[in-house]
1. Can you put Y57, Y228 in order of Cβ neighbours within 10 angstrom, beginning with the fewest?
2. In a shell of Cβ-Cβ distance under 12 Å around K246, excluding K246 itself, what net charge do Lys and Arg (+1) and Asp and Glu (-1) give?
3. Looking at the square roots a ≥ b ≥ c of the eigenvalues of the Cα gyration tensor of region 42-200, which shape do they give, rounded for a/c under 1.5, prolate if a/b is larger than b/c, or oblate?
4. Let me know the shape class of region 6-125, please: from the alpha-carbon gyration tensor, a ≥ b ≥ c as square roots of the eigenvalues, rounded when a/c is under 1.5, otherwise prolate if a/b is greater than b/c, or oblate.
5. Evaluate the charge dipole of region 136-311 about its Cα centre and quote only its size in Debye, nearest 20, assuming +1 on the Cβ of each Lys and Arg and -1 on the Cβ of each Asp and Glu.
6. Which label marks the calculated value of Rg and Dmax of the Cα atoms in Å, given the options [x] 24.6, 88; [y] 24.1, 81; [z] 18.8, 57?
7. In debye, nearest 20, what is the charge dipole magnitude of the chain about its Cα centre with +1 on Lys and Arg Cβ and -1 on Asp and Glu Cβ, if you could check?
8. Okay, helix-only estimate at 222 nm for the chain: each DSSP H run of n ≥ 4 adds -39500 (n - 2.57), divide by all residues, round to 500 deg cm²/dmol; what do you get?
Amino acid sequence: MSHPDVLVDMCHSDDAGVLRLTDDIALVQTLDFLTPVVDDPYAFGRIAAANALSDIYAMGAEPITAMNIVCFPSKDLSQDVLHSTLSGGFSIIQEAGVFLMGGHSVDDLEFKYGLSVTGVVHPDKIIKNSGACPGDVCIVTKALGTGIIATAIKGQLAKQNEIDLLIEIATCLNKNAASIIKTYPVSACTDVTGFGLAGHTCEMAQASEVSIILESNRLPIMKQAVGYANMGLIPAGAYANKSHFKEFVHIASTVPQSIEDIFYDPQTSGGLLFCIPEKHASNCIEDLTSNKVNARIIGNVETQQEKLIYLN
């Protein structure tokens, strides 16, 4: 059922729903939860919390409250694991300046943790995924390959420095990047998570009725991910993403298979992907990098063609 105060719903696969409360305040709501991607429960809690908060930042909003979502196998794991996970999540919630209001837990066969998050935004300042325009450039703010590294961790092949790098990337809040890009005329924004760069770019292009041209040699990729991809350590989610989105994508024959795999790799707590008019891009990149955000221009927006995405 449509309503004039429902400003963003499920139609274009946006990152959160938005409901106008007053002329100046709109409520932004999302939730997300994960199974563990690292062995350290404290780090897992931090990653899961940062991942859930990311949807609010992608909408141009400020998160204000959060509630824990926990599925815990109490017969298989100790309460210390749960305590460490919740402590890690709370550390990120505090870092975001958000109030933890409670939550809910159930006994389950598989451990899962995440957050339901509420934010606020001015109704005129919502950033959707549907506003990308021809002439825009595409910028991403975190390196790709976390899904492949997580697969290497599960296979007990990842080195400690690789695990540390994944944790560093995945626990980095998109708060800083979001605060900077809101000072620019951003056309569209999303975050790169479970559907990978391929899926979330497809959603943006489809919602905006454009085509997006990406350059594979510009993609920021964790070096370790390329090696593991060449070894065949590809998560099942990457194959699912490829199966679902490949009809909307053209990949040049010169793109290495490992890069194609990373293109479809499901990310955990990935960066923001946003489009901005080209004339503002260099200043925006400068502001982001000077504030320790690993931002990079990865492509451009063109009028709609046969495919939604072209990876050159």
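Taken together, the values in this text are just the output of simple stated rules run on the coordinates, not laboratory data. Because the structure is predicted, anything quoted here is derived from the model rather than measured. Positions of Cβ are generated from backbone atoms using ideal geometry, with glycine treated the same way; all protein chains shown enter the neighbour counts.
1. Lowest count first: Y228, Y57.
2. Around K246, the surrounding residues sum to 0.
3. oblate
4. Verdict is prolate for region 6-125.
5. Here the size comes out at about 380 debye.
6. Structure-derived value, by its label: [z].
7. 500 debye
8. -11000 deg cm²/dmol
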